[in-house]
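Asker: Take a look at the following structure, please.
The values are calculated or read from the model by the stated rules, or taken from the named source; none is laboratory data. The structure presented is a predicted model; accordingly, all values stated were derived computationally and were not measured. All Cβ positions, glycine included, derive from the backbone under ideal geometry; neighbour counts span all protein chains shown.
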Amino acid sequence: MAYIGGVSATARACSNIALVKYWGKRDAALNLPAAGSLSLTLAGLVTETTVELSERLVADSLVLNGVSVDPRRTTQFLDLIRARAGITTRARVTSTNDFPTASGLASSASGYAALAVAGAAACGVELAPRELSLLARRGSGSAARSIFGGLVRMHAGDRDADAYAEPIAWPLVDRLRMVIAVVGGGVPKAHGSTSAMDHTAATSPYYDAWRHDVVPRDLVSATAALVALDLAALGEIAEANALAMHASAIAARPAVIYWQPPTIALLAEVRALRARGLVAWATIDAGPHVKVLTTVDDARRVADAVREVPGVTSVITSAPGPGAALI
Ligand code: DP6
């Protein structure tokens, strides 16, 4: 890593949706995940972030989607980069999402991946993709995966330097599509994922089963499904994994319930689509939206079907996306 100059940089990163979820931390300060995960980076959910350093600034600032917001987490994150660069220069950060922010569409994943890439470049710190993944993880666990495109595996690792993501080459990846049924207009979620996963880990009777049984088993079977080029097996694991994650959260005390009535209706619709022979598997994150894993051939029919479910306010169909990069 060398100081290579730099003052302003802009990066673009795609969000990602996990097929085997990350839910729970081993270490809050280093943001180490309790278990590994597997995700698909999505071209249809993009964050663009500019970091401008200036000696004239007395504090960092953050403008998110045109609105000035508290820059505290941005400052903490940029401090990690500034420490490596040996500088203290403050930054003006401007970030725009082309999809609803903080509503369970993983804006923190694309957000911190874009901030890692733009921040490192602006501070003149050259980082290899793995180092960028380790850095992005400090901002948000799922962001470590958005450094890479397509299918991505995140390692829980035994220590800080081992908890990074890496891309998985899969011959069928270009055939995958994710149809996102946005419920309730994509308003900000009621429970932030960080506190909700800590609360689940601390109080849910099902959390240990999730962490020690479900996730390790699903990661092994998902890897086998990829090797066998078996999309149906992968979809089945993804849907079951998401439901198990939510079961652990729902069993927390008090309960963490992200679902709304349209969420359940969408789960039923996805089953009905499968019964009609379409490729459709549901996954749900820290919000009410349902994301349907499907193929390029079936995406249109899946999108048309979920759009008709009452309470669905918009539908985004996304192809796999590239890794985070400077523009
Ligand atoms: C349900 O990455 O948002 O989407 O590390 O606390 O920022 P922090 O959490 P975050 O959590 C993602 C949770 C999830 C599952 C997943 O993406 O793996």
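Asker: Name the residue that is surrounded by the fewest Cβ atoms within 10 Å (Cβ to Cβ), counting only residues in the stretch 272-319 that are closer than 15 Å to LEU42 by Cα and touching a Gly at 6+ places or on another chain (Cβ under 6 Å).
Answerer: Looking at the filtered set, the residue picked out is ILE316.
Asker: Then there's this: Just to verify a result, which residue in the stretch 1-41, among those that are of a type outside the set (D, E, K, R), away from the ligand (no atom under 12 Å from the Cβ) and modelled with pLDDT of 95 or more, is surrounded by the fewest Cβ atoms within 10 Å (Cβ to Cβ)?
Answerer: SER8
Asker: Out of all the residues in the stretch 150-166, which are surrounded by fewer than 18 Cβ atoms within 10 Å (Cβ to Cβ) and either in the same structural domain as ASP298 (by TED's automatic domain parsing) or not charged (D, E, K, R) (or both)? Please lay out each step first, then the result.
Answerer: Of the stretch 150-166, the ones surrounded by fewer than 18 Cβ atoms within 10 Å (Cβ to Cβ) are 155, 157-162, 166.
Once the filter is applied, which keeps residues that are surrounded by fewer than 18 Cβ atoms within 10 Å (Cβ to Cβ) and either in the same structural domain as ASP298 (by TED's automatic domain parsing) or not charged (D, E, K, R) (or both), the stretch 150-166 yields HIS155, GLY157, ALA161.
Asker: Quick one: THR203 ticks every box in (1) hydroxyl-bearing (Ser, Thr, Tyr); (2) under 20 Å from LEU243 (Cβ atoms); (3) within 16 Å of the ligand (Cβ to nearest atom) except a single one, so which number is it?
Answerer: Unmet for THR203, out of (1) hydroxyl-bearing (Ser, Thr, Tyr); (2) under 20 Å from LEU243 (Cβ atoms); (3) within 16 Å of the ligand (Cβ to nearest atom): (3).
Asker: Restricting to the stretch 22-61, count the residues that are within 27 Å of PHE99 (Cα to Cα), part of a loop (DSSP other than H, G, I, E, B) and more than 19 Å from the chain's Cα centre (by Cα).
Answerer: Result for the stretch 22-61: 1.
Asker: Another question, then. For the stretch 231-324, which fully contained helices (runs of 4 or more DSSP H) count at least 3 residues that are touching a Ser or Thr at 6+ places or on another chain (Cβ under 7 Å) and at pLDDT 95 or above? Spell out the reasoning first.
Answerer: Numbers: elements: 231-250, 261-275, 299-307.
It comes to 231-250, 299-307.
Asker: Taking the stretch 139-155 as the region of interest, how many residues are more than 9 Å from the ligand (Cβ to nearest atom) and more than 10 Å from ALA113 (Cα to Cα)?
Answerer: Here is the first cut: in the stretch 139-155, the ones more than 9 Å from the ligand (Cβ to nearest atom) are 146-153, 155.
Then drop every residue that is not more than 10 Å from ALA113 (Cα to Cα), which leaves 149-153, 155.
The total comes to 6.
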